[in-house]
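For reference, the structure is listed below as structure tokens.
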Amino acid sequence: MSTTPPQGLNLALQGGGSHGAFTWGVLDALLEDGGFCFPGISGTSAGAMNAVAVAQGFATAALQHPEDDAARHAAGCSAARNALRKLWEGVGAMGSFTLGVPVASNPLMGMMSQFLSPYQTNPLDINPLRRLLELTVDFAQLRAALSHPGMPRLFVCATNVRTGKGEIFSGERLSADAIMASACLPQLYQAVEIDGQYYWDGGFSGNPALYPLIYRTDCRDMLLVQINPIEHHELPETAGDIMERMNEVMFNAGLLSELRAIDFVRRLLAEGRLDATRYKSVLMHRIDGGAALSHFGAASKSRVDMGFLLKLFALGRAQGQQWVHDHRQDVGVRETLQIVDNP
């Protein structure tokens, strides 16, 4: 744990099923280092689950150490690591029991979803992840700690079924329903109702959404933990490969659009063509797990056995440690992600 004051670093966490265990490893490395605080965390689907587990840890610490900044930060990092482990060990345990296997990891249900809707295959809307989430996160405590020093602001993206637009849940709107809405794949689960509106997976509209970190925090640095590959070097030819590549393109589209907008604003600011008091020059960083995870194949996104999750965790943790070693000195100084190849 670092003894110097932590540097501010916003986190943007992608979703991608069980590949979110890679992000767990990245976060574990950052939290163990202790050299960073997280003014804002934006997450979608599995990224939202990782985000809320981190926030749970800092909420516990904020209520226990309201006056001591150093103790609160150290306790928050430790508690966040414990909450993440509890979450993913719970996911792994579900994969060990037939009755607890999520629908997405059941091959028969996967085939049925091509012909039947979840309102037919899962009429009771059973989702074991909800119970696990409620055991891991105390949402009442989380909301109670929102205004405490050192608490990350959490932004969870879900897609409004009626409007097709992304909606950000934060502050008092944070709930188990919001997290489950962000992770609701419509082929597998019934839409989640919140205040009379219905929501599907946030990946359709923002995977993750970056703009809340820009407009609703003062921090300039943003670390994107990406687990869906941008590039795919081989032409997909099988039906399964074609569908997977279509999903990758769809779930990255919003992210790429926001990254280009960030780069455009940054260049205009550098040229003196925008008012620097009104626009933020964001310093983008990235840990790219997409390429590393792509060789596992699309089906592995629904694998929930603990051995596989720990393998992804170790991979993410190693990349997180490498990023800290290579780029700690860049935080607050310069961006390390080249967003546009040919501006």
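The values are calculated or read from the model by the stated rules, or taken from the named source; none is laboratory data. Treat the numbers as computed from the prediction; the structure is a model and nothing was measured. When we count neighbours, we look across all protein chains shown, and the Cβ atoms used for this are built from the backbone with ideal geometry, even at glycine. All accessible areas refer to the heavy atoms of the entire protein, side chains included, with ligands and DNA or RNA removed. Shrake-Rupley method; radii C 1.70, N 1.55, O 1.52, S 1.80 Å.
Taking one quarter of the surface of the C-alpha convex hull of the stretch 239-317 gives a mean projected area of 7.4 nm².
Across N50, N228, N207, mean-square fluctuation computed from a Gaussian network of the chain (C-alpha pairs under 10 Å connected) peaks at N228.
The residues packed around W24, meaning those with a beta-carbon under 13 Å from its beta-carbon, carry a net charge of +2 if Lys and Arg are +1 and Asp and Glu are -1. Average accessible surface for the chain: 46 Å² per residue, computed with a 1.4 Å probe over protein heavy atoms with every protein chain in place. Each DSSP beta bridge with both residues in the stretch 7-330 is either parallel or antiparallel, and the antiparallel ones are about 35%. Comparing H325, H73, H65 in a Gaussian network model of the chain (Cα springs below 10 Å), the most mobile by mean-square fluctuation is H325.
For the stretch 146-246, the list of GluC sites (Glu not before Pro) that fall in a loop by DSSP and count at most 16 other C-beta atoms within 10 angstrom reads E231, E234, E237. For the stretch 9-99, the list of GluC sites (Glu not before Pro) that fall in a loop by DSSP and count at most 11 other C-beta atoms within 10 angstrom reads E67.
Among G90, G202, G297, the largest mean-square fluctuation in a Gaussian network model of the chain, built with springs joining Cα atoms closer than 10 Å, belongs to G297. Within the stretch 212-292, the trypsin sites (Lys or Arg not before Pro) that combine a DSSP coil assignment with at most 16 other C-beta atoms in a 10 angstrom radius are R216, R273, R278.
Using only the Cα atoms of the stretch 112-256, build the gyration tensor, take square roots of its eigenvalues as a ≥ b ≥ c, and label the shape rounded, prolate or oblate: rounded if a/c is under 1.5, else prolate if a/b is larger than b/c, else oblate.
Judged from the Cα gyration tensor, the stretch 112-256 comes out oblate (a/c at least 1.5, b/c at or above a/b).
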